[in-house]
Amino acid sequence: MADIWWKAEPHDLHRIGDRVSSVYVERSHLDRDENAVVVINKRETVRIPAAMIAVMLLGPGTRVTHGAMRLLADSGTAVCWVGEQGVRMYASGLGPSRGAGLLHRQAWLVTRPKERLGVARAMYGMRFPGEDVSRATMQQLRGREGARIRKLYQQHSRRTGVRWDGRVYKAGDAFAAGDDLNRLLSAANAALYGICHAVIVGLGASPGLGFVHTGSAISFVLDIADLYKAEYTIPLAFDLTARGLTDERDARIGLRDQMAETKLLSRIVTDVKSLLNPPGADFDTPETSELWDERLGSVSAGVNWAADAPAPGDSDDQEPSGATASLTPADMGERHIAVIGPEFKESTPPQEPEQPPEPPG
């Protein structure tokens, strides 16, 4: 009979003292213990207060109970189902307790040309450190970026000895490129999009409201991923091609290892927050749901606004008594922890009998 290890009593309880931005879980079981999520695997048991987690990344080999998912939703924690180390984004979920402050901020910025241009310039400025881009137009910035990337391809081609004939790709079809280098670039970029997508969703921002890119459901994902291609996916693809590692899986694993080593996840969190809410900027993030008003801006929800309304708090629209609105969603900080269980051992197939049994008489 299989070893039902996730039903065992906790054998090693860990307390997480600081607020964390994200928790990555792999080859483990998630359950609930009061207001904490318990991560259990054959090596350790980690107990994390749910209100301290901004995003839970569920990697391969993870099981999760209904109770744990309900607690995460009530705590305003985003949940993302991802590949190894988050290099692919499969699905995401966000409970109704999460605030929309950052999403409102993003929408405000992207719908005002002056502010949108300011964010786009900040993105390009991150690629041209030490250079003044405060007066550049989008056309000028696109031209400078194109020249930078072309020069980068040529430098890595000379460094590795891998021939470069130009970027050829078709969205969703890595094999349309025709050569190994372009296929590896496409695979590595797709993996990078996954981790950027997970961070954006975990922060509560919209993956579709881009500042440089537009028209796609992942426009903002493409914006953020472009900040790291020159450092991660481009040199990785050239290095793998030079070593003869031309499978798409090689690109995903290579990016996964680099990302874990350099703590890219935390860096993406910091960059997204600084772009949407730079130091000195201020915007309201209501703790509870409110109603929009064209004159007042917003008013309290859960109140009967009829002329003969009873005192606030007497409305039929109040939250049900079983709700956990008192839980404050975690702020998306910069700390990231990972809980990874040991490798699963392959079960030994039953041995076939040497002699088949005699047929019944």
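Ile195 satisfies every condition listed in (1) modelled with pLDDT of 85 or more; (2) among the β-branched types (Val, Ile, Thr); (3) crowded, with 23+ Cβ neighbours inside 10 Å except (1). Restricted to the stretch 253-281, and to residues there that are under 16 Å from the mean Cα position of the chain (by Cα) and more than 26 Å from Tyr124 (Cβ to Cβ), the residue that is surrounded by the most Cβ atoms within 10 Å (Cβ to Cβ) is Arg256. Restricting the search to the stretch 23-46, which residues are within 22 Å of the chain's Cα centre (by Cα) and assigned to a strand (DSSP E or B)? If the condition is that a residue be within 22 Å of the chain's Cα centre (by Cα) and assigned to a strand (DSSP E or B), then Val23, Tyr24, Val25, Glu26, His29, Leu30, Asp31, Ala36, Val37, Val38, Val39, Val46 are the ones that fit. Before we move on, is Trp81 surrounded by 14 or more Cβ atoms within 10 Å (Cβ to Cβ), modelled with pLDDT of 90 or more and not in a helix (DSSP H, G or I)? Answer is no for this residue.
For the stretch 7-28, the condition holds for no residue, the condition being that it is hydrophobic (A, V, I, L, M, F, W, C), more than 20 Å from Leu203 (Cβ to Cβ) and at pLDDT 75 or above. Pro207 fulfils the conditions (1) surrounded by 21 or more Cβ atoms within 10 Å (Cβ to Cβ); (2) not in a loop (DSSP other than H, G, I, E, B) except for a single criterion, (2).
Put simply, of Arg148, Arg135, Arg144, Arg98 the only residue that is surrounded by fewer than 18 Cβ atoms within 10 Å (Cβ to Cβ), charged (D, E, K, R), in a loop (DSSP other than H, G, I, E, B) and modelled with pLDDT under 95 is Arg135. Would you point out the residue of the stretch 47-60, among those that are open to solvent by less than 10 Å² (accessible area, probe 1.4 Å) and part of a strand (DSSP E or B), that is farthest from Val201 (Cα to Cα)? Here the residue is Ile48. Just checking, how many residues over the stretch 230-244 are assigned to a loop (DSSP other than H, G, I, E, B) and free of Cβ contacts under 8 Å to residues at least 60 places away in the same chain? Counting residues in the stretch 230-244 that are assigned to a loop (DSSP other than H, G, I, E, B) and free of Cβ contacts under 8 Å to residues at least 60 places away in the same chain gives 4.
Among the residues of the stretch 156-169, what is the count of those that are open to solvent by 80 Å² or more (accessible area, probe 1.4 Å) and under 19 Å from Asn189 (Cα atoms)? Qualifying residue count for the region: 2.
Are any of the residues in the stretch 101-114 of a type outside the set (A, V, I, L, M), modelled with pLDDT under 80 and under 30 Å from Leu30 (Cα atoms)? No, every residue in the stretch 101-114 fails to be of a type outside the set (A, V, I, L, M), modelled with pLDDT under 80 and under 30 Å from Leu30 (Cα atoms).
Among residues of the stretch 246-269 being in a loop (DSSP other than H, G, I, E, B) and in contact (Cβ under 8 Å) with a residue 60 or more places away in the chain, the one that is nearest to Val199 (Cα to Cα) is Lys263. Among the candidates Ser186, Ser216, the residue that is under 23 Å from Arg148 (Cβ atoms) and not in a helix (DSSP H, G or I) is uniquely Ser216.
The values are calculated or read from the model by the stated rules, or taken from the named source; none is laboratory data. Since the structure is predicted, the reported quantities are computational estimates derived from the model, not experimental observations. Counting neighbours? That spans all protein chains shown, and the Cβs are built from the backbone with ideal geometry, glycine included. Each accessible area value is taken on the protein alone, full model and side chains, heavy atoms only, with ligands, DNA and RNA left out. Shrake-Rupley method; radii C 1.70, N 1.55, O 1.52, S 1.80 Å.
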